[in-house]
Amino acid sequence: MARKSALLLAAAATACLAAGSAEAATAKRGTFGKLADGRDVASVTLTNGRGVSVTLIAYGATIQSVVLPDRNGKKADVALGYDNIGLYETKPQYFGGIVGRFGNRLAEGRFKIDGKTYQTPVNNGKNALHGGTQGFDKVLWDVVSVKSGPTASVTFRYVSRDGEMGYPGTLTVDAIHSLDEKNQLTIEYVATTDKSTVVNLTNHAYWNLSGEGASNGAMGHLLTIPAQTYLPTDDGAIPTGEFRSVAGTVFDFRTPRAVGDRVRDARDQQIVFGRGYDHNWVVGRKVIPGQQLMAKVHDPASGRGFELWSNQPGIQFYSGNFFDATSYGKSRKIYRMGDAIVLEPQNFPDAPNQKGFPSARLDPGQTYRNVMTYRFSSGATPGRKR
């Protein structure tokens, strides 16, 4: 009888995610406290009729919470982060924020445009990471649009002035987040400039599909990345320029593999360099007009999962290697190594300095666009390679 009840609950949860809903998605405004300088931080919660909700805050255009039902209909917040703005300010860890102006790494913080060298702050060893010491995740964005309807959305805007963090050009960025009744969360980053510059924007959400703070962490998540090659790096996480085949390596996720199966395999020097996975997989060689599948994630413990689609050529996969039990999140549970994973659709790291990588240059009159879509689901466990 108990088994029959469990099966009925599972079927009901799956039907809830698969069937249509007559209810419109809603966008509700709120506040998330004040910054140390007294400015208010707006929040917007997007909710659909299937029990999915996403809360975003204007500081860093950040995904603060993503609530999803599991295979039995039980809801949990699956995005790591803080429950107060003070911790986002004083203990930043890129939780759910937009990273830029150039996300990922720039070798020695330098790049050239038309023969002129620009220097950005170095904040990751000898290199620049995620835009420098005051990247886009650490600034307050304006809320310019909030909409309810078949698709609920919020648009944040930030104007990065010419010379900010050493980057040329005044860059105007819109970060558009939308949630529909198909359980699709779409994030679209759109940018224009008045002077030639470099741009690479992405989102840095940390995911634990068992639930933020769940004791089993994310190492049991089954990951698929449809990429034939990845970018090996030096010991400072700067790509060497080689496109290396994943075949026969711990970087082969072309079929579902548990993240934790090989994350500590020190026989591969790249794992030693990254203290786990912190590399870019090559899904394509250029930005495309539509979207392509970047990754699939499935949590056998809860049944939750998502497909991640984007127009970008690469995806950075980071296995949470540097969580050191010095911070805790919304559930008041300490974050440790392997408690979450990050998947970031983007251009390749250090692209402005690498021949053979897609261009990261943006000129006046052009529009930069990174569109990523999370297709959330709950269902049966897919096949796993053993």
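No value in this document is a laboratory result; all are computed from the given coordinates. The model shown is predicted, which means the values in this text are computed figures rather than measured ones. Cβ coordinates were reconstructed from backbone atoms using ideal geometry, including for glycine residues, and neighbour counts include every protein chain displayed.
Here the 3J(HN,Hα) profile of the range 87-103, calculated from phi with Karplus coefficients 6.51, -1.76 and 1.60 at θ = phi - 60°, is 6, 4, 6, 8, 9, x, 9, 6, 4, x, x, 6, 10, x, 6, 10, x Hz, Gly and Pro shown as x.
Sorting the segments 74-82, 119-127, 198-206 by their residues' average number of neighbouring beta-carbon atoms within 10 angstrom, most packed first, yields 198-206, 74-82, 119-127.
Each Lys and Arg adds +1 at its Cβ and each Asp and Glu adds -1 at its Cβ; summed about the Cα centre, the range 230-386 shows a dipole of about 560 debye. Remark on Y277: its backbone amide H falls under 5 Å from those of S319, a criterion applied only to residues 5 or more positions apart or on other chains, H modelled at 1.01 Å from N.
Placing +1 on the Cβ of each Lys and Arg and -1 on the Cβ of each Asp and Glu in the chain, which of T172, Q292, G81 has its Cα farthest towards the positive end of the resulting dipole? After comparing all options, I get Q292.
Principal axis extents of the C-alpha atoms in the range 207-361 (largest first, rounded to whole Å): 45, 34, 31. The mean sequence distance of close C-alpha pairs (under 8 Å, at least 6 residues apart), as a share of the length of the chain, puts its relative contact order at 17 percent. When the helices of the chain are scored as -39500 (n - 2.57) per DSSP H run of n ≥ 4 and the total is divided over every residue, the value at 222 nm lands at -2000 deg cm²/dmol. The magnitude of the dipole of the range 228-313, with charges of +1 and -1 set on the Cβ of Lys/Arg and Asp/Glu and taken from the Cα centre, is near 220 debye. Dipole magnitude for the chain: computed about the Cα centre from +1 point charges on Lys and Arg Cβ and -1 point charges on Asp and Glu Cβ, it is near 860 debye. P(r) tail, the chain: Cα-Cα pairs separated by more than 37 Å, 16% of all pairs.
With N as its number of residues, the range 28-110 has a Cα radius of gyration that, divided by 2.2 N^0.38 Å, comes to 1.28.
Placing one equal scatterer on every Cα of the range 108-222 and applying the Debye formula, the log10 ratio I(q)/I(0) at q = 0.12, 0.14, 0.24 Å⁻¹ is -0.61, -0.78, -1.30. Between A61 and W141, the built amide H atoms are under 5 Å apart, and every one of these is 5 or more places off in sequence or on another chain. Divide the volume of the convex hull around the Cα atoms of the range 173-267 by the residue count and you get 184 Å³ per residue. Considering only V283, A266, F323, and ranking their Cα positions along the charge dipole of the range 246-353 that arises from unit charges at the beta-carbon of Lys, Arg, Asp and Glu, the one farthest toward the positive end is F323. Comparing mean-square fluctuations of G86, G131, G169 from a GNM of the chain with C-alpha springs under 10 Å, the top value falls on G86.
The equivalent ellipsoid of the range 239-292 has semi-axes of 23, 14, 10 Å, largest first, where each one is the square root of 5 times an eigenvalue of the Cα gyration tensor.
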